[in-house]
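Okay, so here's the structure we're looking at.
The values are calculated or read from the model by the stated rules, or taken from the named source; none is laboratory data. Note that the structure is a prediction, hence the values are computed from the model and not measured. Cβ coordinates were reconstructed from backbone atoms using ideal geometry, including for glycine residues, and neighbour counts include every protein chain displayed. The protein model used for the area step is the full one, side chains on, heavy atoms only, and it has no ligands, DNA or RNA in it. Shrake-Rupley method; radii C 1.70, N 1.55, O 1.52, S 1.80 Å.
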Amino acid sequence: MFKDQKKVEAVSQEEQAKKSKRLMSPVERVGALQEKLYCKAKQERAYKFYVLYDKMFIPYMLQVGYEKVKANGGSPGIDGQDFEAIETYGKQKFLEELGEDLRKRTYKPQAVKRVWIDKANGGKRPLGIPTIRDRVAQSVCKMILEPIFEADFEESSFGFRPERSAKDAMKSIKEHLQEGKTEILDADLESYFDTIPHDKLMKVLQMRIADQRILHLIELWLKSPTYEDGQFKGGKKQKVGTPQGGVISPLLANIYMNLVDKLINNTLGIFYKQGIKIVRYADDFVLMGKRIPKEAIDKLGSILSRMGLRLNEQKTRHIQAMDTSFNFLGFTIRYDVDVHGRNKRYWNIIPSNKSVTKIREKLRDFLKHSGHCDPPNVAKGLNTIMRGWLNYFDVPKVSYPTMSKRNLRAYLVESLYRYYNRKSQRRSRLHGTQAFELLVCKYGLIDPSKYYVKSYL
């Protein structure tokens, strides 16, 4: 009787679970699946996941994957198909066809369109643009793999991870500096995304993933040829690199660099014994310690060499931060004298000169190409540019961007004065010296000097 009662209760609970799943939104169902994968990976550090591929073609996974890709925007790939074309064709039909190709294992990614974007130093950086169809498939795969590897990632890693950001990385850097870890190895990896060895990356993935269908899918993306200037390049013979621009590329890059994090944080290794810490954001990282001996730097070089990576000797710097400033993630970190003249110094974290130049260029370009805009749209356009910059560099209790914000305000005052004085044929109240103040008071333009971010700590 007791056994039968337990069986009835178990059936009832199962029916209730099924019913609750039906009431869940696609996003909630993805979250529930990810939570299960994360908990399993966290509880069993050596566990290998054998059955994952069947989740690649679940309708709600494809739906959420598509919405994520659409939210990120971006240009169409080599097929020229954009979101408008997909939704004209029928989003549901598009996802069903992709799901069926994945289920039958007839899915084949198309070539990646390569474009070159300007870098701040005047150079060019390659960007790979997969088709939207391939980006959706990669997004679904990322949703499956991310919780598994999140369970393995070190606390010292901050880039391209859920609930982590550059602000957290800067907070960690400041804490280490305040602990006296002021000797810095400001490391720069040479073309990291383009040099990741496929064979070694696959071995790292196999430490957790035993489902050969998922591994084969990742290899297909790694081996996808690039299309540039009317020519196809790379393909199956390609042995290194994960294209920047692919949805899954940042996760794969983090998975591979996690080896470096683990070796530096290993309690039996030279770095831990010397009290050396790492703060990493994707392929950018610094080592911090009270002392960083040459043997530790040589060890890092040896680790990277075995991984098929190398330091850029020209850009990597070994410094004492109390004497020399350094840049990280767009911030400048320096040991400054007290602004009030007291006999003390403090760690000052501010926007770097390059970051300041970049925001000014964006504001200037907007005003240059917006001569036809009415005041509300001028304010709206400038706010869109400034808000992201101000939110990024204002890190409560960590950074001190006050002077940079005042300088940005002064730049806006001068730029808007010139902008409206050029409109000599259409004089208005904004023609003259009051343009900035009137845009702030009447049209909601952000005054950078009065913009503050609420504490997130």
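Observations
- Cα-based equivalent ellipsoid of region 208-307: semi-axis lengths in Å, sorted from largest, via gyration tensor: 34, 16, 12
- Potential extension, Arg164-Thr357 segment - 0.36 nm per residue separation minus Cα distance: 66.8 nm
- Backbone HN-Hα couplings from phi across region 313-324 [Karplus 6.51/-1.76/1.60, Hz, Gly and Pro as x]: 4, 6, 9, 6, 10, 10, 9, 9, 5, 6, 10, 10
- Taking the Cα atoms of the chain, the ratio Rg/Rh between the radius of gyration and the Kirkwood radius comes to 1.02.
- Helical runs assigned H by DSSP (4 residues or longer) give the chain a calculated mean residue ellipticity at 222 nm of -16000 deg cm²/dmol, each run adding -39500 (n - 2.57) before division by the residue total.
- From phi via Karplus (6.51, -1.76, 1.60), per-residue ³J(HN,Hα) for region 220-229 in Hz, x at Gly/Pro: 4, 5, 5, 8, 4, x, 9, 10, 8, 6
- Region 272-333: translational diffusion in µm²/s, Stokes-Einstein, Kirkwood Rh over Cα pairs, 25 °C, 0.890 mPa s: 190
- For the chain, the longest principal axis of the alpha carbon atoms and the long axis of helix 249-265 meet at an angle near 90°.
- The figure for Met403 is an accessible area of roughly 110 square angstrom, using a 1.4 Å probe on the protein chains alone.
- Ordering Thr332, Thr357 by accessible surface, largest first, gives Thr357, Thr332; the 1.4 Å probe counts only protein heavy atoms, with every chain in place.
- Subtracting the Cα-Cα distance of Lys108 and Thr384 from 0.36 nm times their residue separation leaves 95.5 nm of extension gain.
- Solvent-free Debye scattering, log10 I(q)/I(0), computed from the Cα coordinates of region 294-371 at q = 0.17, 0.23 Å⁻¹: -0.87, -1.06
- Rolling a 1.4 Å probe over the heavy atoms of the protein chains gives region 130-250 an accessible area of 38 Å² per residue.
- Quotient of Cα Rg and 2.2 N^0.38 Å for region 239-374, N being how many residues it contains: 1.39
- Put a dot 7 Å past the Cα of Lys454, heading toward its Cβ, do the same for Lys233, and the two dots end up 4.8 nm apart.
- Computed over the Cα atoms of region 120-193, the ratio of the radius of gyration to the Kirkwood radius (Rg/Rh) comes to 1.06.
- Stokes-Einstein diffusion for region 348-391 at 25 °C, viscosity 0.890 mPa s, with a Kirkwood radius from C-alpha pairs, works out to 217 µm²/s.
- Each Cα pair under 8 Å and six or more residues apart adds its sequence gap; the mean of these over the residue count of the chain is a relative contact order of 14 percent.
- Near Glu313, once Lys and Arg are set to +1 and Asp and Glu to -1 for all other residues with Cβ below 12 Å from its Cβ, the sum equals +1.
- Scattering profile of region 184-254 at q = 0.27 Å⁻¹ [log10 I(q)/I(0), Debye over alpha-carbon scatterers]: -1.37
- Per atom type, the chain shows carbon and sulfur on 50% of its accessible surface, probed at 1.4 Å.
- Region 229-270 and region 372-416 have Cα centres spaced 35 Å apart.
- Seen from all directions on average, region 308-352 presents a Cα convex hull projection of 4.2 nm².
- Looking at the chain, the DSSP beta bridges with both ends there are about 90 percent antiparallel.
- Taking all protein chains into account, the per residue accessible area for region 251-366 stands at 51 Å² (1.4 Å probe).
- Extended-chain gain in nm, criterion 0.36 nm per residue less alpha-carbon gap, Tyr346 and Asn407: 19.8 nm
- Among 39-52, 215-228, sorting by the average number of other beta carbon atoms lying within 10 angstrom of each residue, highest first, gives 215-228, 39-52.
- The Cα-based radius of gyration and maximum Cα-Cα distance (Dmax) for region 87-235 are 19.3, 60 Å.
- Förster-model FRET efficiency, 41 Å R0, Glu295 and Met24, C-beta, rounded to 0.05: 0.15
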